[in-house]
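Inspection log for the structure reproduced underneath, given as structure tokens.
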Amino acid sequence: MRSTAVVAYVAGAVLIAAGCNKGTPLTITGQQDITIAISCTDEQFSFVVNPYVRDLLLGEEVNWKFVSQEADFIDIKKKGSGWPYDKRLPYHVKKNESFKSGAMNSNAQPDDRYRYTITGTCKPAGKPARAFELDPEMIIIKTR
């Protein structure tokens, strides 16, 4: 018996994106988390996207979790064409909260790359606010 799975790979590198027409939403069969942590001080800005590789079965949604002390929210925006999930971007995620992507589209294809940006404003204590933009991506991979 064959099973179909997809992998959401979140990386700091920018690669070519492949388009995808919006298809019929699949029934949500489960949920996987991707945590985005932002920290900034007057001298430095740091972030973590965890995990970098997440196995998703066809039909699973992503639960984007945002953790920060200095940033109040992030926006996840599509960059390029196509997106494998039913809910439209941008996703607005408040500090220390989560946002669910919704059902994956039936048109999500193996090896498609979905580029997106994570933007927000970081405000270290007693310092001016600084805008930031991260440029990771998701790669959908079919496994057997």
Subject >> Test: ASP42 is within 14 Å of the chain's Cα centre (by Cα), on the phi < 0 side of the Ramachandran plot and of a type in the set (D, E, K, R) >> reply: no
Original post:
From the set of residues in region 75-87 that are basic (Lys, Arg) and assigned to a loop (DSSP other than H, G, I, E, B), which is modelled with the lowest pLDDT?
Top reply: LYS79
**OP:** Would you mention how many residues in region 28-74 are of a type in the set (Asp, Glu), assigned to a strand (DSSP E or B) and surrounded by 15 or more Cβ atoms within 10 Å (Cβ to Cβ)?
**Re:** 2
Subject >> Candidate set: region 89-131, residues that are modelled with pLDDT under 85 and among the basic types (Lys, Arg); chosen: the one farthest from ALA37 (Cα to Cα) >> reply: ARG113
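The values are calculated or read from the model by the stated rules, or taken from the named source; none is laboratory data. Everything quoted here is computed from the prediction, not taken from an experiment. Heads up, the Cβs are rebuilt from the backbone with ideal geometry, glycines too, and the neighbour counts pull from every protein chain shown.
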